[in-house]
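Right, one structure below, let's go through it.
The values are calculated or read from the model by the stated rules, or taken from the named source; none is laboratory data. Everything numeric in this text was worked out from a predicted model, so none of it was measured. Glycine gets a Cβ as well: all are built from the backbone with ideal geometry, and neighbour counts include every protein chain shown.
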Amino acid sequence: MPDYLQYKPVPESGILDAWLTSTNGLTTAILKNLAPGSERIAIEDIVNPPHWEFGHITWFHEFWVHRHGLTTLPSLLSNSDYLFNSSDIAHENRWSVDIPSLDVLIAYNAQVIEKTQELLTKQVSAQTAYFLQLSIFHQDMHNEAFAYMWQTLGYPEPFKPFSDPSFSNQLPSSFIQFEKSTMTVGAAHNSGFIFDNEKWAHAVSLPAFAISNQPVTNIQYLEFIESSANQSHHNPIPYPIHWKKDGGTWYQRYFNAWLVFRPNEPVRHISYLNAKRYCQWRELRLPTEHELALLRKQSPSQCQSSYLWEWTDSVFQPFPGFVSDPYLDYSSPWFDGNYQVLKGWSMYTPERLKRTNFRNFYAPHRSDLFCGFRTCMP
């Protein structure tokens, strides 16, 4: 039996149905509330055509839950494999294919979800439950992607965040010292659903380190941008594109609204490359993924959450014993040394994805997602 089927506990059908209802309801609401014409966007490597992305989400669910990953089994939507399989259709071609109308995509989505809800009238097998969770979490991630795509495009906030951060009661800024230790990283067997890049649990030795109890803030990053060291650099880092100064007052854009700059708010939409430059200026460094994971296991009273994905200095690589799960393109193609691990979660990440073992990963130049960073002593 493949290892992806050897997991416990298998969620009850009622739990899976509730998760599916919430995530799919959110997706359809996002697309239905998009102003007519706003789905037509310019080609850019960090976004997808919104209606294409909606079709892809439904296709992915049908492909794995009802077609068992087999193109030989028919889809409810003609030509869906050609249109919406992200593994096969080049990114730039998603703008040129003949995407069905939103009404057709909504009807396709409703048919697929109805089939799934019929399955969930009784307890499902471990295999069906696995692919259901894969599809639900995949949809959760795309809902979060809609949030940062709307931010990129300057559209109104697509949905209310799952977390409501408050930075009014900040901890006194300090570095938390951790002694040399051995920690277990990765997922243990029978610890519930996991993604393949979390396999398997193993021990790592961590040298002693000191990590900030607070993320880097707007005012700290502004000080770096305006420093003589940055301004005189042969490639100076510009102000973030969602910042502007008007009449002596700084503002930052939050979706389609310009809000007064909050100096002590964690800085967001910063790339790994620019976070590295900040660290070099401060004579500090970014944490590794294991250091950041250890910090996140501490009491919330000891460290302040940024409510952002946080960059680490760890290149996205497989753990010892890695084996791909059926969705081969989830991890393996990205183990090429060109992606960095992020840990944590953002305001737009649902609770079910907030796990210490979860490994997010993005190209180091990306800053469009809700991401920030904190520092370690060198």
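Values computed for the structure shown
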| quantity | calculated |
| --- | --- |
| Conditions (1) touching a residue at least 60 places away in the same chain (Cβ under 8 Å); (2) not in a strand (DSSP E or B); number of the one not met by GLU310 | (2) |
| Residue in the range 204-223 that is free of Cβ contacts under 8 Å to residues at least 24 places away in the same chain, closer than 26 Å to THR288 by Cα and of a type outside the set (Val, Ile, Thr) present | yes |
| Residue in the range 328-338 that is more than 17 Å from the chain's Cα centre (by Cα) and of a type in the set (A, V, I, L, M) present | yes |
| LEU342 assigned to a strand (DSSP E or B) and outside the structural domain of SER135 (by TED's automatic domain parsing) | yes |
| Residues (assigned to a loop (DSSP other than H, G, I, E, B), surrounded by 14 or more Cβ atoms within 10 Å (Cβ to Cβ) and either within 19 Å of the chain's Cα centre (by Cα) or hydrophobic (A, V, I, L, M, F, W, C) (or both)) located in the range 1-30 | VAL10 |
| Candidates ILE113, ILE89 - the one that is over 25 Å from SER13 (Cα atoms) and of a type in the set (A, V, I, L, M) | ILE89 |
| Filter result for VAL323 (modelled with pLDDT under 95, of a type in the set (A, V, I, L, M) and either out of contact with any strand residue (DSSP E or B) (no Cβ under 7 Å at 6 or more places or on another chain) or more than 20 Å from ASN143 (Cα to Cα) (or both)) | yes |
| Contacts under 8 angstrom Cβ, first residue in the range 228-239 being assigned by TED's automatic domain parsing to the domain that holds ALA275, partner in a loop (DSSP other than H, G, I, E, B), 6 or more apart | ASN230/PRO236; ASN230/ILE237 |
| Restricting the range 289-323 to residues that are more than 19 Å from the chain's Cα centre (by Cα) and surrounded by 16 or more Cβ atoms within 10 Å (Cβ to Cβ), the residue that is nearest to GLN133 (Cα to Cα) | PHE322 |
| Failed item, numbered, when LEU70 is tested on (1) in contact (Cβ under 8 Å) with a residue 40 or more places away in the chain; (2) surrounded by fewer than 16 Cβ atoms within 10 Å (Cβ to Cβ); (3) not hydroxyl-bearing (Ser, Thr, Tyr) | (1) |
| Pairs where the first residue, in the range 130-152, is of a type in the set (Val, Ile, Thr) and the second is in a helix (DSSP H, G or I), C-beta under 7 Å, 6+ apart | ILE136/TRP19; ILE136/LEU20; ILE136/THR23 |
| Among the candidates GLU53, GLU92, GLU62, GLU44, residue that is assigned by TED's automatic domain parsing to the domain that holds MET149, under 29 Å from ARG366 (Cα atoms) and crowded, with 19+ Cβ neighbours inside 10 Å | GLU53 |
| Odd one out for ASP45 among (1) of a type outside the set (Gly, Ala, Ser); (2) closer than 15 Å to GLN139 by Cβ; (3) not in a helix (DSSP H, G or I) | (2) |
| Filter result (assigned to a loop (DSSP other than H, G, I, E, B) and in contact (Cβ under 8 Å) with a residue 60 or more places away in the chain) within the range 346-362 | SER346, MET347, TYR348, THR349, PRO350, THR356, ASN357, PHE358, ARG359 |
| In the range 46-90, residue farthest from GLN117 (Cα to Cα) [restricted to those that are in contact with a His (Cβ under 8 Å, 6 or more places away or on another chain) and among the aromatic types (Phe, Trp, Tyr)] | PHE84 |
